[in-house]
Amino acid sequence: MKCDELLKALNEYVDGQIDPAICEDFANHLAGCNPCQVVVDNIRNTIALYRSGERYEMPPEFHDRLRKQLREKWSTVFDGESQQTH
Amino acid sequence: MGETAADPDLPLVTQARAGDFAAFEQLVSRYERRIFATAYRIVGRREDAEEVVQDTFASVIEHLPQFREESKFYTWLMHIAVNHALKLLRRNRHGTDRTMNGESSDSYSDLPHPQFIAPWHENPSVIAENHEMQRLLSDALDELDDKYRTVFVLRDVEERSTSEVAELLGISEANVKVRLLRARLQLRERITSALGDKSRQVAADHRHE
């Protein structure tokens, strides 16, 4: 397998969505190729890190501001409608 | 509803559609933090993430009468949020080369070959607790092109499927895959250059022909 083919296979291997035939080739390659093993491992760790990473907390003052704006929006759409006479 | 599992939000959606603001507010409370976090990762700034959350729920109010229950409420909501995030990126990046670049397809040719290859000196769960590392992660994410970052956030952080991401972004599944690979390679390089154990570095000129 060439580099680009390996990298392409690597993506699907990490996702577990790889074609079984390619998977076997790739697994065989990995078994004998330390750099590729390390790259796969690095990518898995990178994903794990972002997944478990920072919680972007909403600022508390935004919570209130958002409610106020949405309430205004709500009244223009819903209350506006109910006041229309047909 | 076909074979899909019942939408847990449907009772509140129905009440909201009938004009019940309290029901709508419960939906906001249920999802605002998730939308905020996803938007923050995509747009990269707190103020912009707030704008996305606000615009998203404002759009929900406007379009609630048209919500057809063909998709789950959360999927519909996320679709709206992603569109607002992309719109904001286009506005902010106007005239620069970091835009989504429409639907243009990326290819597998000329993939950046891994340069610094080494096991990390610490376990990801330890690193995740460290504030400096969080800074590194957010900088690395921010350095990605918008089109790569958006796919990475939705696929790898939000854990949405390839087909869902393709639908959310209006690009092909093949393009989702190649953008994801480019994002992963770039992030791997950047993070491994900071966290890789140099004493265990393996040959950088490693090539397969």
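Every number in this text was worked out from the coordinates using simple rules, so none of it is lab data. The structure presented is a predicted model; accordingly, all values stated were derived computationally and were not measured. Don't worry about glycine lacking a Cβ; one is built from the backbone with ideal geometry, like all the others, and counts go over all protein chains shown.
Building the convex hull from the alpha-carbon atoms of the range B:124-200 and averaging its projection over directions returns 5.6 nm². Every Cα-Cα pair of chain B was included, and the share exceeding 33 Å stands at 25 percent.
Note on A:Arg71 and B:Glu62: the model spin-label points, each 7 Å out from Cα along the C-beta direction, lie 2.3 nm apart. Here the range A:1-44 is described by how far its Cα atoms reach on the three principal axes: 22, 19, 17 Å, from widest to narrowest.
Taking all Cα pairs closer than 8 Å and separated by 6 or more residues, the relative contact order of chain B comes to 23 percent.
Rounded to the nearest 0.05, the FRET efficiency derived from the C-beta distance between B:Ser199 and A:Asp64 at R0 = 45 Å is 0.30. Taking the Cα centre of the range B:124-200 as reference, the dipole from Cβ charges on Lys and Arg (+1) and Asp and Glu (-1) amounts to some 340 debye. So which of B:Lys87/B:Lys177; A:Lys2/B:Lys177; A:Lys68/B:Lys72; A:Lys73/B:Lys72; B:Lys72/B:Lys147 end up more than 29 Å apart by C-alpha? With Cα atoms farther than 29 Å apart: none of B:Lys87/B:Lys177; A:Lys2/B:Lys177; A:Lys68/B:Lys72; A:Lys73/B:Lys72; B:Lys72/B:Lys147.
Among B:Tyr40, A:Tyr56, the order by Cβ neighbours within 10 angstrom, fewest to most, reads A:Tyr56, B:Tyr40. From most to least packed by mean Cβ count within 10 Å, the peptides B:8-19, A:36-47 give A:36-47, B:8-19. Using the beta-carbon distance between B:Glu173 and B:Glu143 and R0 = 22 Å, what value does 1/(1 + (r/R0)^6) give for FRET efficiency, to the nearest 0.05? It comes out at approximately 0.30. Taking only alpha carbon atoms, the protein assembly as shown gives an Rg to Rh ratio of 1.03, where Rh is the Kirkwood radius. In a fully extended conformation the segment linking B:Arg135 and B:Arg46 would gain 30.6 nm over its present Cα-Cα distance, using 0.36 nm per residue.
For the segment A:63-73, counting C-beta atoms of other chains within 10 Å of every residue's C-beta and taking the mean gives 4. Packing around the peptides A:10-16, B:73-79, B:184-190, taken as the average count of other Cβ atoms within 10 Å per residue, puts them in this order, highest first: B:184-190, B:73-79, A:10-16. In summary, the helical segments of chain B meeting the span-like criteria, namely a full DSSP H run, a Cα extent along the axis of 24 angstrom or more and a mean Kyte-Doolittle hydropathy of at least -1.0, are B:21-43, B:46-63, B:73-92, B:173-195.
Under 5 Å from the amide H of B:Ile117 lie the amide H atoms of B:Val202, each residue being 5 or more positions distant or on a separate chain, with H modelled from the backbone and absent for Pro and chain starts.
Positive end of the dipole of the protein assembly as shown (Cβ unit charges, origin at the Cα centre): among B:Ala203, A:Val77, B:Val43, the Cα lying farthest that way belongs to B:Val43.
Inter-chain neighbour count for B:28-36: the average number of beta-carbon atoms from partner chains within 10 Å of each residue's beta-carbon is 3. Counting only Cα atoms, the size of the range B:10-92 along its three principal axes is 37, 21, 17 Å, in decreasing order.
Each stretch of four or more DSSP H residues adds -39500 (n - 2.57); spread over every residue of chain B, this sum gives -19000 deg cm²/dmol at 222 nm. Using only the alpha-carbon atoms, how far is helix A:3-15 inclined from the longest principal axis of chain A? Give it as 0 to 90 degrees, nearest 10. Value to nearest ten degrees: 50.
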